[in-house]
1. Considering the range 46-62 alone, what residues qualify as being in a helix (DSSP H, G or I), out of contact with any helix residue (DSSP H, G or I) (no Cβ under 6 Å at 6 or more places or on another chain) and not acidic (Asp, Glu)?
2. If I filter the range 43-52 for residues that are of a type in the set (A, V, I, L, M), in contact with a Leu (Cβ under 8 Å, 6 or more places away or on another chain) and closer than 25 Å to GLN11 by Cα, do I get at least one hit?
3. Applying the selection to the range 4-22, what residues are more than 25 Å from ARG42 (Cα to Cα) and surrounded by 10 or more Cβ atoms within 10 Å (Cβ to Cβ)?
4. Being touching a residue at least 24 places away in the same chain (Cβ under 8 Å) and of a type in the set (A, V, I, L, M, F, W, C) is the filter here, so list the residues in the range 35-60 that pass it.
5. Can you find, within the range 48-100, the residue that is farthest from ALA34 (Cα to Cα) among those that are β-branched (Val, Ile, Thr) and surrounded by 10 or more Cβ atoms within 10 Å (Cβ to Cβ)?
6. Of all residues being outside any strand (DSSP E or B) and touching an Asp or Glu at 6+ places or on another chain (Cβ under 7 Å) in the range 2-33, which is modelled with the lowest pLDDT? Just the residue, please.
7. Kindly provide the set of residues from the range 63-100 that are among the acidic types (Asp, Glu) and over 30 Å from MET41 (Cβ atoms), ordered by number.
Amino acid sequence: MPEAEAVTSTQVEIFGATYVIRGGQEPEYLTELAAQVDRRMRELAEHLPNAETGRLAILAALNLADELSRNRRHYEGERGEIEARVTELADRLTATLDGE
């Protein structure tokens, strides 16, 4: 039976508000995620000084989701190219070994 992950509580600050996040992730990881959200909200606030916190949070979430989606598409493309190259090399190696 798999062991249950230990649930920890981590206190983080995002855009001046303190949150307690419970989860199985390392506290350092959660703190870094919160720092990324905080940075993104602060960047947006510089350009939209009158925007409400909720709007900044939504815009930050959309920006981060866009970045994640673009990175996934990029790495999926890279992965496909690598798989094709590995297949090509394996075929060439097999052909060379069969020719001996």
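The values are calculated or read from the model by the stated rules, or taken from the named source; none is laboratory data. All values derive from a computational prediction rather than experimental measurement. No Cβ is skipped: glycine too gets one built from the backbone with ideal geometry, and neighbour counts run over all protein chains shown.
1. Listed by number, the residues that qualify are HIS47, THR53, GLY54, ARG55, ALA57, ILE58, ALA61, LEU62.
2. Checking the range 43-52: at least one residue is of a type in the set (A, V, I, L, M), in contact with a Leu (Cβ under 8 Å, 6 or more places away or on another chain) and closer than 25 Å to GLN11 by Cα.
3. Passing the criteria: only THR8.
4. Matches in the range 35-60: VAL37, MET41, ALA45, LEU56, ALA57.
5. Within the range 48-100, the match that is farthest from ALA34 (Cα to Cα) is THR94.
6. Going through the qualifying residues, I end up with GLY24.
7. GLU78, GLU81, GLU83, GLU88, ASP91, ASP98, GLU100
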